[in-house]
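Chemist: Quick one: this structure, given as structure tokens, is what I'll be asking you about.
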Amino acid sequence: MAIYTCGHTTPDSDSICSAIALAYLLKKTGRDAIPARQGEPNPETKFILEKFGFEAPELKTEFSGCELFITDYSDKGQAPKDIDEAIVVGIVDHHKLGDITTSSPLECWIRPVGCTNTIVKEMYDYHGVEIPKDIAGIMMCAILSDTVIFKSPTCTDIDIKVVRELAEICGIEDFGSLGMEMFKVKSQVQGVPARDLILRDYKPFDMHGSAVGIGQLEVVDLSIFDDVKSDLQADLEIFRDVNNLHTACLLLTDIMQEGSEVLVSSVDSSIFEKAFDKKLENGKVWLDGCLSRKKQIIPFLEPAFS
Ligand code: MG
Ligand code: MG
Ligand code: MG
């Protein structure tokens, strides 16, 4: 039986590129593997796959009875609905430990680095497997994306070292300008429906019994949201209501100014305000220096719900 490698719902570049890279590694170490994805690739991921000549992995949302090697998450909230019927053989991830459990021993590669692909690179090194040029390219791009070209507080020296090594393998010296090209693709939001933008990089969380959803859009210039911000706020309100969320947030992250404007819709905004010790103005607030949902939002918001 082939092992499926697959990242989280609403896949990002890390989820999709790590599934491809991990499936290749598993095959090279004698285990049959098929990369999969739980949703549509976003524009940035499409750009990366196209640049290095990859098709998107197979779309797969049901894993009952299948062997599954999870990449880039360990929360049930981001897993396929039938995760309890899947056989989880491994997890490679760089987030806080989630609530997925198994009935058999599994392989775990979980480390606090900037990107799952950084850990996948360490897995290649551990197994002594050579990384093909095209796979090195997509792994490198995923790390540049997750670490916001090394600007994110989640970025570690290991991520930077791994990017340099991958750049050498794929033969791209100026990885910084490739990173900027990626973020310019990411910044194209004109004409995209508000709901699609909310869901582009969206994660659901269970915070001490309260359902919370947090989306993030990383762009090179926040002013591109000037015309669409009120639409985004109105739709965030509807989105929270129909999904029965306590709180829905959308981070509008400016990677050049290095901060995020957070749009907040909540049944009780005082929880968000308490978490960040800031008052919302018209349902939004600027958080200076905030680039990372994982490190600068969740660790503050979650305890505020307890
Ligand atoms: Mg991810
Ligand atoms: Mg990641
Ligand atoms: Mg991200």
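Chemist: Specify the residue that is farthest from ligand 2 (Cβ to nearest atom); the eligible residues are those in the range 38-94 that are closer than 15 Å to GLY7 by Cβ and among the basic types (Lys, Arg).
Modeler: For the range 38-94, the residue satisfying everything is LYS60.
Chemist: Based on this model, can you work out whether ALA21 counts as part of a helix (DSSP H, G or I), modelled with pLDDT of 95 or more and away from ligand 3 (no atom under 16 Å from the Cβ)?
Modeler: Taking the combined requirement at face value, the residue satisfies it.
Chemist: Test of understanding: among GLU85, GLU168, GLU107, which residue is at pLDDT 95 or above, in contact with a strand residue (DSSP E or B) (Cβ under 7 Å, 6 or more places away or on another chain), surrounded by fewer than 19 Cβ atoms within 10 Å (Cβ to Cβ) and farther than 23 Å from THR253 by Cβ?
Modeler: That would be GLU107, the only listed residue that is at pLDDT 95 or above, in contact with a strand residue (DSSP E or B) (Cβ under 7 Å, 6 or more places away or on another chain), surrounded by fewer than 19 Cβ atoms within 10 Å (Cβ to Cβ) and farther than 23 Å from THR253 by Cβ.
Chemist: Further question: Quick one: which strands (runs of 3 or more DSSP E) sit completely within the range 48-117 and have at least 3 residues that are in contact with a Phe, Trp or Tyr (Cβ under 8 Å, 6 or more places away or on another chain)?
Modeler: Result: 67-71, 87-93.
Chemist: Moving on to the next point. Can you tell me how many residues in the range 144-159 are outside any loop (DSSP other than H, G, I, E, B) and within 16 Å of ligand 1 (Cβ to nearest atom)?
Modeler: 4
Chemist: Ok, one more. Could you give me the residue pairs with C-beta distances under 7 Å whose first residue belongs to the range 154-178 and is among the small types (Gly, Ala, Ser), whose second residue is part of a helix (DSSP H, G or I) wherever it lies, and which are 6+ apart or on separate chains?
Modeler: ALA167/MET140; ALA167/PHE175; GLY171/LYS133
Chemist: Which one of these does ASP72 not meet: (1) surrounded by fewer than 21 Cβ atoms within 10 Å (Cβ to Cβ); (2) under 28 Å from GLU218 (Cβ atoms)?
Modeler: Answer for ASP72: the failing condition is (1).
Chemist: Restricting the search to the range 5-19, which residues are near ligand 1 (Cβ under 7 Å from one of its atoms) and out of contact with any Phe, Trp or Tyr (no Cβ under 8 Å at 6 or more places or on another chain)?
Modeler: Passing the criteria: ASP12, ASP14.
Chemist: Okay, moving on. Which residues, counting only those in the range 259-306, are of a type in the set (S, T, N, Q) and open to solvent by 30 Å² or more (accessible area, probe 1.4 Å)?
Modeler: SER269, SER270, ASN282, GLN296, SER306
Chemist: Here is a further query. Among the residues of the range 1-20, count how many are in contact with a Pro (Cβ under 6 Å, 6 or more places away or on another chain) and away from ligand 2 (no atom under 13 Å from the Cβ).
Modeler: Qualifying residue count for the region: 2.
Chemist: Exactly one of (1) open to solvent by 30 Å² or more (accessible area, probe 1.4 Å); (2) in the same structural domain as LEU291 (by TED's automatic domain parsing) is unmet by GLU173. Its number?
Modeler: For GLU173, the exception is condition (2).
The values are calculated or read from the model by the stated rules, or taken from the named source; none is laboratory data. These numbers come from a predicted model, not from an experiment. Counting neighbours? That spans all protein chains shown, and the Cβs are built from the backbone with ideal geometry, glycine included. Just the protein is used for accessible areas: all its heavy atoms, side chains included, with ligands, DNA and RNA removed. Shrake-Rupley method; radii C 1.70, N 1.55, O 1.52, S 1.80 Å.
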